[in-house]
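Have a look at the structure below before the remarks.
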């Protein structure tokens with residue numbers, strides 16, 4: 001057993017990959033908890049897809065790709081807010097418009113760059129954690145330190161705003177600043193996660209550990225701590241599965257995380273499908289709804 005655990009650690013690339021996977025797992029679980037509580041999972045998806053043009057443009061200019069991704073992510077949140085506040089378009093619709101446009105632009109730019117330079121940029125889509133350098137490790141540590149420090153510093157304010165934005169505004173908190181700050185934290189987390197799972201799967205790391213913890217605990221700080229522990233377990237397990245079974249690392253991490261969510265969904269002491277079968281018995285309410293619909297249809301036809 002000890003040999004099983006120690007063998008991958010003799011390789012430098014596995015040491016770097018595990019450090020980054022654990023850091024990103026903690027970040028995604030903590031920041032993703034806010035997305036979970038505010039029901040803004042689509043926002044995480046929007047920002048993750050919107051970083052693509054920034055990545056492509058920064059690569060073409062020879063600049064830092066993560067800076068480009070961060071700028072694109074922040075710009076996308078500003079555009080979403082602008083469309084939502086200056087038009088009758090709802091926020092979820094604005095997210096769909098912006099992230100699809102940014103993602104399409106990013107794919108177009110990446111395809112053009114790959115044709116001209118003969119380089120493979122697909123790892124931005126699916127992640128390439130085994131290729132992280134020590135420079136990537138350091139940048140991930142810096143991002144993690146900044147995000148965690150801000151959350152610790154503003155935890156009470158963010159918690160108040162998350163659960164009661166109207167009450168927070170009435171209490172005099174700068175809700176617009178808090179909202180924009182939260183968007184920046186999400187963008188930073190997504191930038192840090194690109195090497196691990198890529199643009200396509202980053203939403204899974206942002207949402208799944210927090211959702212798993214949500215089934216098991218009640219309070220936000222408990223959700224963050226348990227979500228971080230679940231995310232660390234999923235990251236390490238996924239990396240070991242990747243090493244021993246020659247699986248793609250990012251998808252392996254996400255699949256382990258999804259497996260842990262499935263266990264919580266089935267066996268949660270308060271919400272489990274199997275531990276509380278009466279809650280899963282949706283057939284009778286569903287039949288009642290169908291009968292009501294039939295009765296309404298008959299009444300409407302007669303009248």
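Could you pull out the residue among 200, 236 that is within 13 Å of the chain's Cα centre (by Cα), assigned to a helix (DSSP H, G or I) and surrounded by fewer than 19 Cβ atoms within 10 Å (Cβ to Cβ)?
Answer to the selection: 200.
Could you please find all residues in the stretch 27-86 being outside any helix (DSSP H, G or I) and either over 21 Å from residue 144 (Cβ atoms) or under 15 Å from the mean Cα position of the chain (by Cα) (or both)?
Within the stretch 27-86, the first condition is being outside any helix (DSSP H, G or I), and the residues that meet it are 39-40, 51, 62-64, 86.
Within the stretch 27-86, 39, 40, 51, 62, 63, 86 meet the criteria.
Only residues that are without any contact (Cβ under 8 Å) to a residue 12 or more places away in the chain and either under 17 Å from the mean Cα position of the chain (by Cα) or part of a helix (DSSP H, G or I) (or both): list them for the stretch 245-258, please. Walk me through it before giving the result.
First, the residues of the stretch 245-258 that are without any contact (Cβ under 8 Å) to a residue 12 or more places away in the chain: 245-247.
Matches in the stretch 245-258: 245 only.
Considering every residue within the stretch 217-224, establish whether at least one is in contact with a helix residue (DSSP H, G or I) (Cβ under 6 Å, 6 or more places away or on another chain), assigned to a helix (DSSP H, G or I), within 22 Å of residue 148 (Cα to Cα) and at pLDDT below 85.
Yes, the conditions are met somewhere in the stretch 217-224.
Give the residue that is nearest to residue 192 (Cα to Cα), with candidates limited to residues of the stretch 132-182 that are outside any helix (DSSP H, G or I) and touching a residue at least 40 places away in the same chain (Cβ under 8 Å). Spell out how you get there, then give the answer.
As a first pass, look at the stretch 132-182 and keep what is outside any helix (DSSP H, G or I): 132-133, 154, 164, 171-174.
Those left that are additionally touching a residue at least 40 places away in the same chain (Cβ under 8 Å): 132-133.
Details: 132: 11, 133: 13 Å.
The extreme case among them is 132.
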Which residues, taken from the stretch 111-123, are at pLDDT below 70 and either surrounded by 14 or more Cβ atoms within 10 Å (Cβ to Cβ) or in contact with a strand residue (DSSP E or B) (Cβ under 9 Å, 6 or more places away or on another chain) (or both)? 121, 123
Residue 13 is checked against (1) buried (at least 19 other Cβ atoms within 10 Å of the Cβ); (2) more than 15 Å from the chain's Cα centre (by Cα); (3) more than 15 Å from residue 183 (Cβ to Cβ); (4) touching a residue at least 60 places away in the same chain (Cβ under 8 Å) and fails just one. What number does that condition carry? (1)
Inside the stretch 64-94, can you point out the residues that are within 19 Å of residue 117 (Cβ to Cβ), at pLDDT 85 or above and surrounded by fewer than 17 Cβ atoms within 10 Å (Cβ to Cβ)? none
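The values are calculated or read from the model by the stated rules, or taken from the named source; none is laboratory data. Since this is a predicted model, take the numbers as computed values, not measurements. Cβ coordinates were reconstructed from backbone atoms using ideal geometry, including for glycine residues, and neighbour counts include every protein chain displayed.
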